[in-house]
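The values are calculated or read from the model by the stated rules, or taken from the named source; none is laboratory data. On a predicted model such as this, the values are computed, not experimentally measured, just so you know. Counting neighbours? That spans all protein chains shown, and the Cβs are built from the backbone with ideal geometry, glycine included. We work out accessible area using only protein heavy atoms, side chains counted, and drop any ligands, DNA or RNA first. Shrake-Rupley method; radii C 1.70, N 1.55, O 1.52, S 1.80 Å.
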Amino acid sequence: MKRVLSSVGIGSATVDTILPDSSFVPGETVEATVEVEGGSSEQEIEQLNFAFVTRYRGEEGYEQSVFERFTVADSFTIGEGERREIPVEFTVPYGTPLTRGGVKVWLKTGLDIDWALDPKDKDHIEVQPDERMAALFEAVEDLGFGFHSSEVERTRFGHSHPFAQEFEFRPRSGPFTGDLDELELICAPTAEEVQVHLEIDRRGGLLSEMAETDESRDSFRFDDSDTDSIRSELRRRIEHHA
């Protein structure tokens, strides 16, 4: 009876991932420990899987998206009540949204068990900017813009994910105060470069806002963390449209 019950998820094995920290950057390699505890009978674990998950705003509201999935351990047997610690290593994928402005990212650990419900562990993590994204944000702030909000939205910009992250900044000081309402950056980082799409919203009257003639778009790429060169490129492109 125990084996029958565990085959439908009652009294089956459980899983818990122990992370070395709660804050990571894209591209970082993480060494963690997965604790598996056997249930009421011996079970065959076919795979131990990780998945990175976020939510994005689509046309009909918010949707969850598994944007990276990989296997960290192959099949093994877990005995009744047995406790096992499995060391694992994974890399935080590039393009993982940064957890700014209420954006959430979590890591799911799943056990694939034959004929069983899939036990899962869910760990929310913080994702901080890597050196290149930190340099981009510093360059934007150097030009007098302050961070206002962030959103993950449905779009195919830059990569194969169904979403990209948008950062909204508003002028607080500097050369663009009084000329712009906001500056939006949609970013698509990879291991090689960061692709940035700019939406420049000029301060205009009601008619220009209704006709959307107060908005301009541009894009550029950069591949290092040189704040000065990023700031110069940003300023040149903003001034061209301001």
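Brief remarks follow.
- Taking (1) in contact with a strand residue (DSSP E or B) (Cβ under 7 Å, 6 or more places away or on another chain); (2) surrounded by 15 or more Cβ atoms within 10 Å (Cβ to Cβ) in turn, ASP142 satisfies each apart from (1).
- Any hit, the stretch 93-105, residues being more than 30 Å from GLY146 (Cα to Cα) and touching a Pro at 6+ places or on another chain (Cβ under 6 Å): no
- Candidates PHE167, PHE90, PHE70, PHE147, filtered to the one that is at pLDDT 95 or above, surrounded by fewer than 20 Cβ atoms within 10 Å (Cβ to Cβ) and assigned to a strand (DSSP E or B): PHE147
- Pairs with Cβ under 9 Å, 6+ apart, first in the stretch 122-134 and touching a residue at least 12 places away in the same chain (Cβ under 8 Å) and under 13 Å from CYS187 (Cβ atoms), second among the polar types (S, T, N, Q) and part of a strand (DSSP E or B): VAL127/SER23
- Number of the exception - THR54 against (1) under 19 Å from GLN165 (Cβ atoms); (2) without any contact (Cβ under 8 Å) to a residue 60 or more places away in the chain; (3) of a type in the set (S, T, N, Q); (4) open to solvent by less than 30 Å² (accessible area, probe 1.4 Å): (2)
- Residue within the stretch 123-141 that is polar (S, T, N, Q) and farther than 20 Å from PHE24 by Cβ present: no
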